[in-house]
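Values in this text are rule-based calculations from the coordinates and carry no lab data. Since we're looking at a predicted model, the values are computed, not measured. All Cβ positions, glycine included, derive from the backbone under ideal geometry; neighbour counts span all protein chains shown.
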Amino acid sequence: MEELSIKIENCTNLDELESIRVEIFGKKGILAAEFGKLKSVPPAEKKDFAKNLNDKKSALMEIFEAKKSTLESQALEQQLKSEALDVSLYGYEQTKGAIHPVKDTMDKIIDYFVSLNFAVESGPLVENDFNNFEALNLPKNHPAREMQDTFFFADKNLLRTHTSPVQVRTMLNSDIPIRMIAPGAVFRRDYDLTHTPMFHQVEGLVVDKSGVVSFANLKAILTDFLHYMFGDVEVRFRPSFFPFTEPSTEVDISCVFCDGDGCRVCSHTGWLEVLGSGVVDSNVFKAVGYENVSGYAFGIGVERFAMLLHKIPDLRTLFEGDIRLLEQFK
């Protein structure tokens, strides 16, 4: 009895105590073996023998329960200590997100044209050859197709190379007058400091009866738009070539990095090319079934505008998710 009591008292953890319980109180334990001797005890002594065993069992059980309670309290205290939080420590800084510079630039462009009552139109990213090329005066084998390295699918569909197909779809499904912009992602097989395989454009189209829309209207609206985006810059229009407009023009602004004095960014010319535009070619109107109409179109590279507005030297940084860059736009 005394040895068993000491064994229970010297126990240091609950697992060890459970082993002792089985050893003493289990079906094949010490007390069970002692009670098994009862059948060989003379009848006159059985009552005292059984009473003595039950008293010992009760005493041992009382010691066991007391020890179990003590060890459970110690285990709980140890668990609470290990899980405790030091509320005096400084917490981690909660950083706030920001609108991505490309999305912010696109929103600013859209806001300008929406304020002039331009409708915002959208279309699918996967296009057919007619909408992406042929309707835009780019028939098969036309050399200008090579200006746009295209992702083709096995079924001869393609990832749109510009948002101009949205203009075609709008003209095919709408009557004049049309006054719209088409913002969205476009895809070309190109990747360097100033090009990525996916980028964003905002293209605009205005169509009305013949003689109502002119190149002068185009110049006026784009000049005002560029002042809205870049402030007090000079704007110039240079003759260029696009298959879907005639006449066509590139639009430049005085360099925002050197104020037109000449620097590495503008190749020391003092000018930066920012967009292309022109009067819609008559072949485009024929492709969509329009007659006796006139119109102009323009195309804006959103990433290029974002780079100029925020003076970002490498276009690829806009898509790499570098938190050091994105944190600057909070």
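How about the stretch 76-136: which trypsin sites (Lys or Arg not before Pro) there lie in a loop by DSSP and see at most 10 other Cβ atoms within 10 Å? Within the stretch 76-136, the qualifying trypsin sites (Lys or Arg not before Pro) (loop, at most 10 other Cβ atoms within 10 Å) are Lys96.
About the Cα centre, and with charges only on the beta carbon of Lys, Arg (+1) and Asp, Glu (-1), how big is the dipole of the stretch 168-278? Nearest 20 debye, please.
On the way: 9 positive and 14 negative charges, 73 e Å.
Dipole size: approximately 360 debye.
Between 0 and 90 degrees, the angle of helix 215-230 with respect to the longest Cα principal axis of the chain falls at about 40 degrees.
From a point 7 Å beyond the Cα of Ile312 in the direction of its Cβ, which residues of the stretch 87-118 have a backbone N at a distance under 14 Å? Answer for this model: 98-108.
When only Cα pairs under 8 Å and 6 or more residues apart are kept, what is the percent relative contact order across the stretch 1-142? Working shown, then result.
Working: 43 pairs, mean separation 28.2, N = 142.
About 20 percent, as a whole number.
For the listed residue pairs Lys28/Lys57; Lys28/Lys67; Lys96/Lys311, the alpha carbons are over 19 angstrom apart in Lys28/Lys67; Lys96/Lys311. Taking Cα atoms only, the orientation of helix 164-173 departs from the longest principal axis of the chain by about 80 degrees.
What is the magnitude of the charge dipole of the stretch 16-137 about its Cα centre, with +1 placed on the Cβ of each Lys and Arg, -1 on the Cβ of each Asp and Glu, and no other charges, expressed in debye to the nearest 20?
Values: 16 positive and 21 negative charges, 369 e Å.
So the magnitude is around 1780 debye.
Annotation: cysteines of the chain without a disulfide-compatible partner (Cβ-Cβ under 4.7 angstrom) are Cys11.
Dimensions of the stretch 101-329 based on its C-alpha atoms, expressed as ranges along the principal axes with the largest first, amount to 49, 43, 32 Å. Helix content alone sets the calculated 222 nm mean residue ellipticity of the chain: runs of n ≥ 4 DSSP H residues at -39500 (n - 2.57) each, divided across all residues, give -12500 deg cm²/dmol. Dividing the alpha-carbon radius of gyration of the stretch 228-330 by the rule-of-thumb value 2.2 N^0.38 Å gives 1.36. 3J(HN,Hα) along the stretch 11-19, derived from phi through the Karplus expression 6.51 cos²θ - 1.76 cosθ + 1.60 where θ = phi - 60°, amounts to 5, 10, 8, 5, 5, 5, 5, 5, 5 Hz, with x in place of Gly and Pro. Using R0 = 51 Å, the C-beta based FRET efficiency linking Val87 and Glu2 works out to 0.55. With the convex hull drawn around the C-alpha atoms of the stretch 2-82, the volume per residue stands at 77 Å³. Ordering Leu31, Ala84, Ile110 by Cα displacement along the dipole of the stretch 1-114 toward the positive end leaves Leu31 in first place; charges were set at the Cβ atoms of Lys, Arg (+1) and Asp, Glu (-1). Principal axis extents of the Cα atoms in the stretch 245-289, from largest to smallest and rounded to whole angstrom, are 47, 12, 12.
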